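A.B. asks: Please find one structure pasted underneath; my questions will follow.
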Amino acid sequence: MRPAPKPAAVDCRPGFRGVIRASFGPDHVPAGCHTGELPHHDLRFDAADPNSLQDLRTALAHSRVGVRLVLAGPPADVHAAAAAAAECGLMDEEIILVREEVGTRTIYCGHCHTPTPTTQPPGAEVDCRGCGTTLSTTDHFSRRIGGYLGFSAYAEERP
Ligand SMILES: [Zn+2]
């Protein structure tokens with residue numbers, strides 16, 4: 001077993017240009033991504049709580065355009081972190097998600113925008129907690145809202 005990496009202190013030097021890897025969860029899932037020759041900076045958090053998200057924002061704020069962010073961990077944590085990164089101005093293509101395909105995902109209703117947590121796999125149907133519409137879940141993850149978009153499963157059958 002390798003010695004544990006340095007603690008998750010945010011010590012990115014200003015202008016860091018490389019790969020930031022953030023992993024969430026008690027198991028500290030390694031952010032499985034080959035960074036090649038690029039320098040990388042690892043952040044490890046127990047969960048995507050306000051403190052860890054603030055650390056992530058700080059690291060991103062010190063990074064320059066061109067940084068890549070790899071997020072690994074349970075979907076709910078990864079999604080919260082991706083939304084925080086989007087707030088910091090990262091583009092979709094600058095964020096790589098390494099989700100564990102277990103746990104709760106959040107489906108956002110395309111009609112009333114209410115978030116509905118679900119453990120159903122993509123393709124399953126869930127009832128929106130807000131308006132009761134039966135939503136088809138997709139694997140279309142929106143980093144802007146930090147969740148998956150759901151749309152009415154039967155919209156095309158209506159007159
Ligand atoms: Zn709804």
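A.B. asks: Specify the residue that is nearest to residue 89 (Cα to Cα); the eligible residues are those in the stretch 20-41 that are modelled with pLDDT of 85 or more and not small (Gly, Ala, Ser).
C.D. replies: 20
Table: residues versus (1) more than 30 Å from residue 18 (Cα to Cα); (2) in contact with a His (Cβ under 7 Å, 6 or more places away or on another chain); (3) among the hydroxyl-bearing types (Ser, Thr, Tyr).
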| residue | (1), (2), (3) |
| --- | --- |
| 118 | yes, no, yes |
| 131 | yes, yes, no |
| 137 | yes, no, yes |
| 144 | no, no, no |
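A.B. asks: Ok, one more. Could you list, in sequence order, all residues of the stretch 57-69 that are under 14 Å from the mean Cα position of the chain (by Cα) and either in a helix (DSSP H, G or I) or surrounded by fewer than 21 Cβ atoms within 10 Å (Cβ to Cβ) (or both)?
C.D. replies: Scanning the stretch 57-69 gives 57, 68.
The values are calculated or read from the model by the stated rules, or taken from the named source; none is laboratory data. All values reported here derive from a predicted model rather than from experimental measurement. Quick reminder, even Gly has a Cβ in these numbers, built from the backbone with ideal geometry, and neighbours come from all protein chains shown.
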